[in-house]
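Engineer: Please read through the structure below; I'll follow up with questions.
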């Protein structure tokens, strides 16, 4: 997986749309962008995945917290690590059953949180923090290395067969770092199991629909997006790009946030500046003599850097269905990070953006949010997860 540039130097690079920032020391950005929010849905607080490859869980959990808010419930802080722990265990089970011939990494997909919610339940953050190893924030390097080495050793079958002890060993590692999963717990005076607590929150996982848009599968059918960290091989419903964008717009209009899996390794993704663009860049035909004389002396790398050296709105590329597919097929667009789209905005030139909630803490120019342009969304989206009640009526009929 590619690393983010300057603003995220020393960060962990985490597979399956999960990149964590380094400890932030960035000063406010010198930016000339002026954003006016058009839609800004009430959401729960910005969290911090820190040095862990668990953005998929922070995004999915945030989305469900937002759904509870929309339904008139409390502003909750649900445990991400409860979900992460169950995914580690189930992922290991699948890895061993497939003779080690599949992916075992910290990453995940937009459907992993609903999967755990329905299968195992949920717990509040205060019941299960997953911080049992001497850290105040999530730092998973040692945990991930230990788990990876362990499952690879088991899959290698040094005893010529798989023992009955390997699950106990795996759970011992998980318990040591993340803590034992509670069978019951008391919260606000009531006793729950994880499943009964999830049921008390009133959400139905069947309401959440994953959508994508690629031409290597027929539109209006479902397929598993072919990326390594879609370890469950969950299917997304395939729609034309314009309809994917319309689905997000309609959901936001109806007050539903949207989980967004996307590539944030582009030069146009500027976390410190709080913006993500797909700049068109200048060509030699756009330049005057002075600019051209400078341009011809630049290296390819310097020209690439020049393209992304923007501090205000610039002209962006037009993203067609074909261009989007080319970027995916060439693996220029990668499965990189999970976030939540919480609204829309306009810049000072009237260009439309999605307002996005991230999980990299709040010490940033927009307190943990950024603005993604429509070309960026159209080019770099892998898939989305949306409440079916927020879909345009015609699309909802097609999905059935």
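Every number here is computed from the coordinates shown, using simple stated rules; none is lab data. Values in this document were obtained by computation on a predicted structure and should not be read as measured data. Positions of Cβ are backbone-derived with ideal geometry, glycine not excepted, and every protein chain shown enters the neighbour counts.
Engineer: By how many nm would the segment from residue 137 to residue 36 lengthen if fully extended, with 0.36 nm per residue of separation less the alpha-carbon distance?
Structural biologist: Once the chain is fully extended between residue 137 and residue 36, it gains 33.1 nm.
Engineer: So for the chain: antiparallel DSSP bridges make up what percent, rounded to the nearest 5?
Structural biologist: The antiparallel fraction comes to roughly 85 percent.
Engineer: Shifting gears a bit: Grab the Cα-Cα distance for residue 153 and residue 74, subtract it from 0.36 nm times how many residues apart they are, and report the gain in nm with one decimal.
Structural biologist: Here the segment from residue 153 to residue 74 would lengthen by 24.0 nm.
Engineer: Give the shape of segment 33-142 as rounded, prolate or oblate, defined through the alpha-carbon gyration tensor: a ≥ b ≥ c are the square roots of its eigenvalues, a/c under 1.5 means rounded, and otherwise the shape is prolate if a/b is larger than b/c and oblate if not.
Structural biologist: Cα axes put segment 33-142 in the prolate bin.
Engineer: Let me ask something else. I need 47, 137, 357 ordered by Cβ neighbour count within 10 Å, fewest first.
Structural biologist: Fewest-to-most Cβ neighbours within 10 Å comes out as 137, 47, 357.
Engineer: Pulled fully out, how much extra length does the chain show between residue 322 and residue 119, if you take 0.36 nm times their separation in residues and subtract their Cα-Cα distance?
Structural biologist: Separation in residues times 0.36 nm, less the Cα-Cα distance, equals 69.3 nm.
Engineer: Can you tell me, using C-alpha contacts under 8 Å and at least 6 residues apart, the relative contact order of the chain as a whole percent?
Structural biologist: Relative contact order for the chain comes out at 26 percent.
Engineer: Taking square-rooted eigenvalues a ≥ b ≥ c of the alpha carbon gyration tensor, is segment 203-285 rounded, prolate or oblate, where a/c under 1.5 means rounded and, failing that, a/b exceeding b/c means prolate?
Structural biologist: prolate
Engineer: Next question, about the same structure. For labels at residue 242 and residue 172 in the simple 7 Å Cα→Cβ model, what's the distance in nm?
Structural biologist: 6.1
Engineer: Taking the alpha carbon gyration tensor of segment 208-255, what are the square roots of 5 times its eigenvalues, largest first, to the nearest whole Å?
Structural biologist: In descending order, the three semi-axes are 21, 13, 8 Å.
Engineer: Sticking with this one: Would you order 278, 327 from fewest to most other beta-carbon atoms within 10 Å of each residue's own beta-carbon?
Structural biologist: 327, 278
Engineer: So if R0 is 51 Å, what FRET efficiency would residue 206 and residue 162 give, r being the distance between their Cβ atoms, rounded to the nearest 0.05?
Structural biologist: According to the calculation, E is roughly 0.90.
Engineer: With runs of 4+ DSSP H residues as the only contributors, calculate the mean residue ellipticity of the chain at 222 nm using -39,500 (n - 2.57) per run, divided by the residue total and rounded to the nearest 500.
Structural biologist: So the helix-based figure for the chain works out to -9500 deg cm²/dmol.
Engineer: Residues of segment 106-128 with the amide nitrogen closer than 11 Å to a label point 7 Å from the Cα of residue 193, along Cα-to-Cβ, please.
Structural biologist: 120-121
Engineer: Relative contact order for segment 129-200 using alpha-carbon pairs under 8 Å, separation at least 6, rounded to a whole percent?
Structural biologist: The value is 34 percent.
Engineer: Taking square-rooted eigenvalues a ≥ b ≥ c of the alpha carbon gyration tensor, is segment 147-236 rounded, prolate or oblate, where a/c under 1.5 means rounded and, failing that, a/b exceeding b/c means prolate?
Structural biologist: The shape class here is oblate.
Engineer: How high is the FRET efficiency between residue 93 and residue 352 when r is their beta carbon distance and R₀ equals 51 Å, given to the nearest 0.05?
Structural biologist: In this case the efficiency is close to 0.70.
Engineer: A follow-up question, please. If we count other beta carbons within 10 Å of each Cβ, what is the order of 310, 223, 82, fewest first?
Structural biologist: Least to most surrounded, the residues fall as 223, 310, 82.
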